[in-house]
1. Calculate what fraction, in whole %, of the accessible area of the chain sits on carbon and sulfur atoms when a 1.4 Å probe is rolled over the protein chains.
2. Hey, if you drop one equal point scatterer on each alpha-carbon of region 67-218 and run the Debye formula without solvent, what base-10 log of I(q)/I(0) do you get at q = 0.08 Å⁻¹?
3. Would you kindly calculate the translational diffusion coefficient of region 237-320, applying Stokes-Einstein with the Kirkwood radius from alpha carbon pairs, for 25 °C and a viscosity of 0.890 mPa s, and quote it in µm² s⁻¹ without decimals?
4. Accessible surface of residue 276 in the full protein assembly, 1.4 angstrom probe, to the nearest 10 Å²?
5. Stretch residue 209-residue 289 to full length: gain in nm at 0.36 nm per residue minus the Cα-Cα span?
6. Over the alpha-carbon set of the chain, work out the extent along each principal axis and list the three values in angstrom, largest first.
7. For residue 255, which sequence-distant residues (separation of 5 or more, or a different chain) have an amide H within less than 5 Å of its own amide H, given hydrogens modelled in the peptide plane?
8. So, R0 is 30 Å and r is the distance between the beta-carbons of residue 142 and residue 167; what FRET efficiency does that work out to, to 0.05?
Amino acid sequence: MISRRRLFATAAGSFAAALPLARSLAQEAPLRRLPPLDAPLKSPPGKLPVVDFHTHLQRRVTAEELVAHMDGVGVSRMVLMPLYYGANRPSEMDGEGSDEQARDYARRYPERFVPFVGLQRPELNDANAWRGGGEGPRLIRETEAKLRTGEFFGMGELMIRFYPYTNRFGIRATRERDFPADSWYMQRCAELSAKYRRPMVVHAEAEPHVAAAMIRLLEAHPQAIVVWAHNCGRSSAENIRAMMTRFPNLHADLGGMVYSGPNVEHYGIYYPRRTEWMHLVVSDTGDVLTEMKSLFEAFSQRFFIGTDIAHARVYSIYDRHLPRWRYFFRQLSPAAARNIAYRNAERVFRG
């Protein structure tokens with residue numbers, strides 16, 4: 001476990017000067033309520049409902065296409081985290097969605113889609129925004145305004161420590177990111193999470209300096225709902241156990257973590273680069289590693305699943321992802337499988 005660092009001191013005076021938050025805003029609207037999933041919705045007979053908690057949205061994927069993919073494999077609900085990076089050429093990021101698109105899809109299919117405020121944005125490629133300059137204050141104001149409507153159920157994905165890649169589809173995510181997890185911008189997002197009871201999804205590979213900053217963020221904001229993506233940045237079972245014991249508000253999604261074996265390009269393997277701090281969840285054949293299975297059973301109320309489809313054209317293979325998740329569930333106790341498959345997501349969506 002990484003040694004404890006000093007508590008991050010929030011620059012309250014600078015924050016008040018730069019961003020007067022909700023005091024000047026009207027009372028927030030009530031959160032849109034979702035019907036319960038204990039009576040399975042669009043789930044194959046005898047199989048668990050599934051909430052895909054970590055996936056993304058691009059302009060070129062229609063709501064009807066997504067619903068068809070979900071129906072084909074028994075996914076009851078899907079979180080939509082829009083990408084704002086754009087795509088000038090087919091080989092680039094393939095990510096040009098919007099919060100308005102996610103909101104509109106959810107209005108048309110309110111039982112199926114759960115929109116988050118999308119925070120994969122080009123404005124956040126600027127380190128100054130994370131320090132409270134540039135476009136940072138404007139994005140925080142806009143995020144709060146959207147959360148106040150009651151139509152958005154979370155924020156994400158916040159790209160803190162990210163490794164670039166080029167995948168088999170020719171899609172290139174070329175920008176390496178290493179921003180402080182306890183920066184001004186993250187502090188503001190944590191405050192919004194605590195105020196509106198909405199989760200914030202954070203992508204941060206768990207290198208020592210990253211994990212130390214995440215600890216400081218969690219210490220400073222015990223009421224925030226922090227979802228550390230990809231099994232806490234592919235941390236070890238030992239470190240995740242220690243952090244979840246210490247921080248009741250820490251959750252993790254398992255986005256991409258059960259896909260393994262030859263020719264896989266996802267976080268279930270040492271992709272896109274291997275580091276000494278990177279730990280896997282399953283073997284090449286999808287068998288849950290012993291230490292991870294013990295972790296999931298002990299903290300079954302703190303994990304979510306996710307396919308982490310990040311690009312429009314990759315939805316063409318969406319149906320290949322669910323067999324691995326179904327196999328993952330069969331290896332857990334029934335209670336743990338239900339929690340991770342859908343119950344945890346349902347609880348968090350209800351604030």
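1. The computed percentage sits at 52.
2. -0.24
3. My calculation gives 176 µm²/s for D.
4. 150
5. Working it through step by step, the gained length comes to 26.2 nm.
6. 55, 46, 41
7. 230, 231, 306
8. 0.50
The values are calculated or read from the model by the stated rules, or taken from the named source; none is laboratory data. Note that the structure is a prediction, hence the values are computed from the model and not measured. Don't worry about glycine lacking a Cβ; one is built from the backbone with ideal geometry, like all the others, and counts go over all protein chains shown. In case anyone asks, the SASA skips ligands and DNA or RNA and just uses the protein heavy atoms, side chains included. Shrake-Rupley method; radii C 1.70, N 1.55, O 1.52, S 1.80 Å.
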